[in-house]
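The values are calculated or read from the model by the stated rules, or taken from the named source; none is laboratory data. The shown structure was predicted, so the numbers you read here are calculated from the model rather than taken from an experiment. Cβ atoms come from the backbone with ideal geometry, glycine included; neighbour counts cover every protein chain shown. Side chains included, ligands, DNA and RNA excluded: accessible areas come from the protein's heavy atoms. Shrake-Rupley method; radii C 1.70, N 1.55, O 1.52, S 1.80 Å.
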Amino acid sequence: MAHPSQLGFQDAASPLMEELLHFHDHALMIVILISTMVLYIIVAMVTAKLTDKLVLDSQEIEIIWTVLPAIILILIALPSLRILYLMDEINDPHLTIKAMGHQWYWSYEYTDYEDLGFDSYMTPTQDLTPGQFRLLEADHRMVTPVESPIRVLISAEDVLHSWAIPALGVKVDAVPGRLNQTTFIISRPGVFFGQCSEICGANHSFMPIVVEAVPLQHFENWSSLMIEEA
(Lines give C-alpha, C1' and ligand atoms only; values in the text may rest on other atoms or scores of the structure.)
Protein backbone atom coordinates (compact mmCIF):
# COMPACT_ATOMS: atom_id res chain seq x y z
CA MET A 1 0.00 0.00 0.00
CA ALA A 2 1.02 3.66 -0.18
CA HIS A 3 3.34 5.15 2.43
CA PRO A 4 3.45 8.68 3.89
CA SER A 5 5.23 11.20 1.60
CA GLN A 6 5.40 8.61 -1.18
CA LEU A 7 5.86 10.26 -4.57
CA GLY A 8 5.49 7.31 -6.94
CA PHE A 9 2.86 4.66 -7.49
CA GLN A 10 2.33 1.61 -5.34
CA ASP A 11 4.29 -1.51 -6.22
CA ALA A 12 2.59 -3.36 -9.06
CA ALA A 13 0.76 -6.57 -8.14
CA SER A 14 -0.52 -7.42 -11.61
CA PRO A 15 0.96 -7.50 -15.13
CA LEU A 16 -1.41 -4.72 -16.18
CA MET A 17 -0.17 -2.39 -13.44
CA GLU A 18 3.42 -3.13 -14.48
CA GLU A 19 2.54 -1.99 -18.00
CA LEU A 20 0.96 1.17 -16.61
CA LEU A 21 4.07 1.92 -14.57
CA HIS A 22 6.29 1.47 -17.63
CA PHE A 23 4.05 3.79 -19.65
CA HIS A 24 4.12 6.37 -16.85
CA ASP A 25 7.93 6.34 -16.81
CA HIS A 26 8.01 6.54 -20.61
CA ALA A 27 5.68 9.57 -20.73
CA LEU A 28 7.40 11.25 -17.77
CA MET A 29 10.80 11.01 -19.47
CA ILE A 30 9.38 12.67 -22.58
CA VAL A 31 7.87 15.46 -20.47
CA ILE A 32 11.18 16.02 -18.65
CA LEU A 33 13.11 16.21 -21.94
CA ILE A 34 10.63 18.69 -23.43
CA SER A 35 10.66 20.84 -20.28
CA THR A 36 14.47 20.87 -20.22
CA MET A 37 14.69 21.87 -23.88
CA VAL A 38 12.11 24.65 -23.50
CA LEU A 39 13.87 25.97 -20.39
CA TYR A 40 17.21 25.98 -22.23
CA ILE A 41 15.70 27.87 -25.18
CA ILE A 42 14.11 30.47 -22.89
CA VAL A 43 17.38 31.04 -20.99
CA ALA A 44 19.36 31.22 -24.24
CA MET A 45 17.02 33.77 -25.79
CA VAL A 46 16.96 35.93 -22.63
CA THR A 47 20.72 35.95 -22.15
CA ALA A 48 21.89 36.14 -25.80
CA LYS A 49 22.63 39.64 -27.10
CA LEU A 50 22.85 38.77 -30.79
CA THR A 51 19.86 38.00 -33.02
CA ASP A 52 19.99 36.22 -36.36
CA LYS A 53 17.35 37.47 -38.79
CA LEU A 54 17.41 34.08 -40.56
CA VAL A 55 16.30 32.39 -37.33
CA LEU A 56 13.38 34.78 -36.84
CA ASP A 57 11.82 33.80 -40.19
CA SER A 58 12.83 30.30 -41.17
CA GLN A 59 10.68 27.63 -42.83
CA GLU A 60 13.05 24.90 -41.68
CA ILE A 61 12.46 25.76 -38.02
CA GLU A 62 8.68 25.91 -38.55
CA ILE A 63 8.76 22.47 -40.16
CA ILE A 64 10.78 21.09 -37.24
CA TRP A 65 8.52 22.47 -34.51
CA THR A 66 5.48 21.15 -36.41
CA VAL A 67 6.75 17.65 -37.22
CA LEU A 68 8.61 16.99 -33.97
CA PRO A 69 5.54 17.39 -31.68
CA ALA A 70 3.57 15.10 -33.99
CA ILE A 71 6.25 12.42 -33.66
CA ILE A 72 6.28 12.82 -29.88
CA LEU A 73 2.48 12.44 -29.73
CA ILE A 74 2.73 9.23 -31.76
CA LEU A 75 5.39 7.87 -29.38
CA ILE A 76 2.98 8.51 -26.50
CA ALA A 77 -0.24 7.41 -28.23
CA LEU A 78 0.87 3.99 -29.51
CA PRO A 79 1.80 2.44 -26.14
CA SER A 80 -1.24 4.12 -24.59
CA LEU A 81 -3.58 2.45 -27.11
CA ARG A 82 -1.86 -0.87 -26.51
CA ILE A 83 -2.53 -0.67 -22.78
CA LEU A 84 -6.16 0.35 -23.40
CA TYR A 85 -6.72 -2.81 -25.43
CA LEU A 86 -5.00 -4.91 -22.75
CA MET A 87 -7.26 -3.43 -20.08
CA ASP A 88 -10.39 -4.25 -22.09
CA GLU A 89 -9.42 -7.81 -22.99
CA ILE A 90 -11.12 -10.61 -21.05
CA ASN A 91 -10.11 -14.16 -21.99
CA ASP A 92 -11.74 -17.17 -20.31
CA PRO A 93 -11.67 -16.02 -16.65
CA HIS A 94 -11.17 -18.74 -14.04
CA LEU A 95 -13.38 -16.95 -11.51
CA THR A 96 -16.15 -14.36 -11.74
CA ILE A 97 -17.05 -12.10 -8.82
CA LYS A 98 -19.89 -9.60 -8.71
CA ALA A 99 -19.21 -6.46 -6.67
CA MET A 100 -22.23 -4.35 -5.76
CA GLY A 101 -21.85 -0.89 -4.25
CA HIS A 102 -24.22 0.30 -1.53
CA GLN A 103 -24.37 3.32 0.76
CA TRP A 104 -21.88 2.69 2.27
CA TYR A 105 -20.44 -0.79 1.90
CA TRP A 106 -19.65 -3.39 -0.76
CA SER A 107 -21.28 -6.76 -1.27
CA TYR A 108 -19.56 -9.58 -3.15
CA GLU A 109 -21.08 -12.60 -4.86
CA TYR A 110 -18.98 -15.45 -6.26
CA THR A 111 -21.16 -16.40 -9.20
CA ASP A 112 -19.32 -19.68 -9.86
CA TYR A 113 -20.50 -20.96 -6.45
CA GLU A 114 -24.08 -21.50 -5.41
CA ASP A 115 -24.10 -19.93 -1.94
CA LEU A 116 -20.98 -17.82 -1.65
CA GLY A 117 -21.60 -14.14 -1.02
CA PHE A 118 -21.12 -11.60 1.76
CA ASP A 119 -21.16 -7.93 2.66
CA SER A 120 -17.94 -6.04 3.34
CA TYR A 121 -18.08 -3.19 5.85
CA MET A 122 -15.27 -0.98 7.08
CA THR A 123 -13.79 -2.16 10.39
CA PRO A 124 -14.48 0.51 13.06
CA THR A 125 -11.42 2.13 14.60
CA GLN A 126 -12.13 0.69 18.06
CA ASP A 127 -12.20 -2.85 16.61
CA LEU A 128 -8.85 -2.67 14.79
CA THR A 129 -6.12 -5.08 15.86
CA PRO A 130 -2.40 -4.19 15.85
CA GLY A 131 -1.12 -4.01 12.27
CA GLN A 132 -4.46 -3.17 10.67
CA PHE A 133 -4.94 0.11 8.84
CA ARG A 134 -7.55 2.67 9.88
CA LEU A 135 -10.22 3.44 7.25
CA LEU A 136 -8.79 0.74 4.97
CA GLU A 137 -9.53 -2.55 6.71
CA ALA A 138 -12.81 -4.41 6.09
CA ASP A 139 -14.54 -7.08 8.13
CA HIS A 140 -14.74 -9.41 5.09
CA ARG A 141 -12.06 -9.42 2.41
CA MET A 142 -12.58 -10.34 -1.22
CA VAL A 143 -10.39 -13.45 -1.49
CA THR A 144 -9.00 -14.47 -4.89
CA PRO A 145 -6.45 -17.03 -6.12
CA VAL A 146 -3.11 -15.80 -7.46
CA GLU A 147 -1.98 -16.22 -11.07
CA SER A 148 -5.56 -16.75 -12.25
CA PRO A 149 -7.62 -14.49 -14.56
CA ILE A 150 -10.30 -12.92 -12.38
CA ARG A 151 -13.34 -11.15 -13.84
CA VAL A 152 -15.19 -8.67 -11.65
CA LEU A 153 -18.70 -7.51 -12.56
CA ILE A 154 -19.38 -4.15 -10.95
CA SER A 155 -22.63 -2.32 -10.36
CA ALA A 156 -24.40 -0.23 -7.72
CA GLU A 157 -27.74 -0.42 -6.00
CA ASP A 158 -28.32 3.25 -5.13
CA VAL A 159 -25.84 5.91 -6.30
CA LEU A 160 -22.60 6.08 -8.25
CA HIS A 161 -19.64 4.26 -6.72
CA SER A 162 -16.24 3.30 -8.09
CA TRP A 163 -14.35 0.07 -7.43
CA ALA A 164 -10.62 0.85 -7.42
CA ILE A 165 -7.47 -1.06 -6.40
CA PRO A 166 -4.35 1.01 -7.23
CA ALA A 167 -1.87 -1.88 -6.85
CA LEU A 168 -3.80 -3.89 -9.45
CA GLY A 169 -4.31 -1.01 -11.89
CA VAL A 170 -8.10 -1.35 -11.64
CA LYS A 171 -10.69 1.43 -11.39
CA VAL A 172 -14.23 0.84 -12.66
CA ASP A 173 -17.35 2.92 -12.03
CA ALA A 174 -20.29 1.22 -10.34
CA VAL A 175 -23.41 2.64 -12.01
CA PRO A 176 -26.96 1.74 -10.93
CA GLY A 177 -28.71 -0.28 -13.63
CA ARG A 178 -25.48 -0.89 -15.54
CA LEU A 179 -23.09 -3.84 -15.29
CA ASN A 180 -19.44 -2.94 -15.92
CA GLN A 181 -16.66 -5.48 -15.93
CA THR A 182 -12.92 -5.61 -15.52
CA THR A 183 -10.28 -8.31 -15.31
CA PHE A 184 -6.93 -8.76 -13.61
CA ILE A 185 -4.34 -11.37 -12.75
CA ILE A 186 -2.70 -11.01 -9.35
CA SER A 187 0.91 -12.07 -9.67
CA ARG A 188 1.80 -12.53 -6.00
CA PRO A 189 0.07 -13.30 -2.69
CA GLY A 190 -0.78 -10.33 -0.52
CA VAL A 191 -3.44 -7.97 0.75
CA PHE A 192 -4.28 -5.02 -1.50
CA PHE A 193 -6.30 -2.01 -0.38
CA GLY A 194 -8.53 0.36 -2.27
CA GLN A 195 -11.40 2.76 -1.63
CA CYS A 196 -14.52 3.92 -3.39
CA SER A 197 -13.22 6.53 -5.84
CA GLU A 198 -16.52 8.26 -6.52
CA ILE A 199 -18.11 10.84 -4.22
CA CYS A 200 -21.14 8.79 -3.21
CA GLY A 201 -22.41 10.56 -0.11
CA ALA A 202 -21.63 11.53 3.47
CA ASN A 203 -19.77 8.30 4.27
CA HIS A 204 -17.95 8.14 0.95
CA SER A 205 -14.55 7.64 2.58
CA PHE A 206 -15.79 4.81 4.79
CA MET A 207 -16.30 2.02 2.25
CA PRO A 208 -12.87 0.47 1.68
CA ILE A 209 -12.05 -2.38 -0.69
CA VAL A 210 -9.73 -5.17 0.48
CA VAL A 211 -8.55 -7.90 -1.89
CA GLU A 212 -6.60 -10.80 -0.42
CA ALA A 213 -4.70 -12.93 -2.94
CA VAL A 214 -3.85 -16.45 -1.79
CA PRO A 215 -2.60 -19.68 -3.44
CA LEU A 216 -5.28 -21.74 -5.15
CA GLN A 217 -5.36 -24.45 -2.47
CA HIS A 218 -5.93 -21.86 0.26
CA PHE A 219 -8.68 -20.26 -1.82
CA GLU A 220 -10.48 -23.60 -2.21
CA ASN A 221 -10.27 -24.20 1.53
CA TRP A 222 -11.61 -20.70 2.23
CA SER A 223 -14.50 -21.06 -0.21
CA SER A 224 -15.49 -24.43 1.28
CA LEU A 225 -15.44 -22.97 4.77
CA MET A 226 -17.54 -19.95 3.73
CA ILE A 227 -20.15 -22.15 2.03
CA GLU A 228 -20.39 -24.37 5.12
CA GLU A 229 -20.91 -21.31 7.36
CA ALA A 230 -23.61 -19.99 5.04
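Helix 216-229 and the long axis of the chain differ in direction by around 40°, with both axes built from C-alpha atoms. Just the protein heavy atoms count here, and of the accessible area of the stretch 95-229 at 1.4 Å, carbon and sulfur take up 50 percent. Among the protein heavy atoms, those of Leu136 account for about 30 Å² of accessible surface (1.4 Å probe, every chain in place).
Think of the chain as a dipole: +1 on every Lys or Arg Cβ, -1 on every Asp or Glu Cβ, centred on the Cα centre; then among Ala48, Val175, Thr144, Ala48 lies furthest on the positive end. Placing unit charges on the Cβ atoms only, positive for Lys and Arg and negative for Asp and Glu, gives the stretch 95-229 a dipole magnitude near 600 debye about its Cα centre. With a 1.4 Å probe rolled over the protein heavy atoms of all chains, the accessible area of Ile185, Ile30, Ile165 falls in the order Ile185, Ile30, Ile165, largest first.
Computed over protein heavy atoms with a 1.4 angstrom probe, the accessible surface ordering of Glu212, Glu109, Glu137, largest first, is Glu109, Glu212, Glu137. Only bridges whose two residues both fall in the chain count here: according to DSSP, what percent of them are antiparallel, nearest 5? Antiparallel: roughly 70 percent of the beta bridges in the chain. With the biggest extent put first, the Cα atoms of the chain measure 84, 41, 34 Å across the principal axes. When Lys and Arg each count +1 and Asp and Glu each count -1, what net charge do the other residues less than 9 Å away from Ser187, Cβ to Cβ, add up to? Residues close to Ser187 contribute a combined charge of -1.
Among Asp127, Asp119, the sequence by solvent-accessible area, most first, with a 1.4 Å probe is Asp127, Asp119. Scalar couplings 3J(HN,Hα) for the stretch 96-110, obtained by applying the Karplus form with A = 6.51, B = -1.76, C = 1.60 to θ = phi - 60°, are 10, 10, 9, 10, 10, x, 10, 8, 10, 6, 10, 10, 10, 10, 8 Hz; x denotes Gly and Pro.
Evaluated with a Cβ-only charge set (Lys, Arg +1; Asp, Glu -1), the stretch 1-153 carries a dipole of roughly 740 debye about its Cα centre, given to the nearest 20. Largest GNM mean-square fluctuation among Val43, Val143, Val191, using the chain with Cα springs under 10 Å: Val43. Taking the longest Cα principal axis of the chain as reference, the axis of helix 59-88 is set at about 10 degrees.
Measuring only protein heavy atoms, the 1.4 Å probe finds Tyr113 accessible over about 70 Å². Of all the Cα-Cα pairs you can form in the stretch 95-229, what percent are over 19 Å apart? That fraction is 47 percent. Rounded to the nearest 10 square angstrom, Met207 shows an accessible area of 0 square angstrom against a 1.4 Å probe. With respect to the chain, whose longest principal axis is taken over its alpha-carbon atoms, helix 15-47 is tilted by about 30°.
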